[in-house]
1. Need one number: nm distance between label points at Ala88 and Thr113, each 7 Å from Cα along Cα→Cβ, rounded to one decimal.
2. If r is the Cβ-Cβ distance from Met161 to Ser52 and R0 is 22 Å, what FRET efficiency results, to the nearest 0.05?
3. Considering only DSSP beta bridges with both partners in the chain, what is the antiparallel share in %, to the nearest 5?
4. Considering the options Ser131, Asn218, Leu12, tell which one lies farthest towards the positive end of the dipole of the chain, charges being +1 on Lys and Arg and -1 on Asp and Glu at the Cβ, about the Cα centre.
5. Give Lys5/Lys225; Lys129/Lys151; Lys76/Lys112; Lys73/Lys210 a once-over and call out the pairs whose C-alpha atoms are over 27 Å from each other.
6. Between Thr23 and Ala185, what FRET efficiency comes out of the Förster formula 1/(1 + (r/R0)^6) with R0 = 45 Å and r the beta carbon distance, rounded to 0.05?
7. Work out how much length Tyr220 to Met204 would gain on full extension: take 0.36 nm times their residue separation and subtract the Cα-Cα distance, in nm to one decimal.
8. If each DSSP helix of 4+ residues adds -39,500 (n - 2.57) and the sum is divided by the residues in the chain, what number results at 222 nm, nearest 500 deg cm²/dmol?
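Every number here is computed from the coordinates shown, using simple stated rules; none is lab data. The shown structure was predicted, so the numbers you read here are calculated from the model rather than taken from an experiment. No Cβ is skipped: glycine too gets one built from the backbone with ideal geometry, and neighbour counts run over all protein chains shown.
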Amino acid sequence: MKAEKIKDISILLAEDETELRETLSEYLQLFFSRVYTASCGNEAYDIYKQKSPDIILTDINMPNLDGLEMIAKIRKDDKETKIIVISAHSDQEKLLQAVKLHLEAYLIKPIKTDTLKKMLFDTVELIRKTSHRVYVNETTYWDYDTSTLWKNAKEIKLRKMESLLLRLLFSEPNRCFSAQEIFEALHEGKENKEFSSHAITSLMKRIRMKLPGELIHNIYGFGYKIILT
């Protein structure tokens, strides 16, 4: 049975050797839905700025802008993106430079696919555990930083009230919020707004049409909650 590709984590490959870049790209596409490739440091940095990949797999010696210089530019403002360096040799000076750039790993060519695969899957697991995301299932997560819901690497478009509702429910997963609590949270600062259970019920119906499966559970007589295992 063919394994499902990783859809919530993207990867950027920077490698100037055409044959190796194509081979690695094909290999990465076995596991990742979103794989970006670059043939030099400048191109890789441009893609990084445009696509914000979660993982960067980069060679050190590349034209225009080498891998370490590119990583240094990224690390000026970004300490979170996971970076794995590959190199044709273990140059001690370059290794010392690389250590300062907060890398996940430093792999020496020729790359063993089993080693690379384990490193990539470990990195994916680390991202999922440490990022400000809460996963509903393998492909769906709530991003706490941006208050957005994602499925299959695509943002589910939410209206203001829908976003506020999910932000409340995800603030304490597995807790049941009453309709009154939800109404007050949605209309905070509007003390003259009269409570309406019908308004909450209508909102739930609308948002459920956009959501995967039974994301929001109605606990009869108590209220609503998101159940995470």
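1. Result: 2.3 nm between the two label points.
2. The calculated FRET efficiency here is 0.20.
3. Once the DSSP bridges in the chain are tallied, antiparallel ones form about 45 percent.
4. Towards the positive end, the residue furthest out is Asn218.
5. Flagged as over cut-off: Lys5/Lys225; Lys76/Lys112; Lys73/Lys210.
6. Using R0 = 45 Å, I get an efficiency of 0.30.
7. So the chain would gain 4.4 nm between Tyr220 and Met204.
8. -12000 deg cm²/dmol
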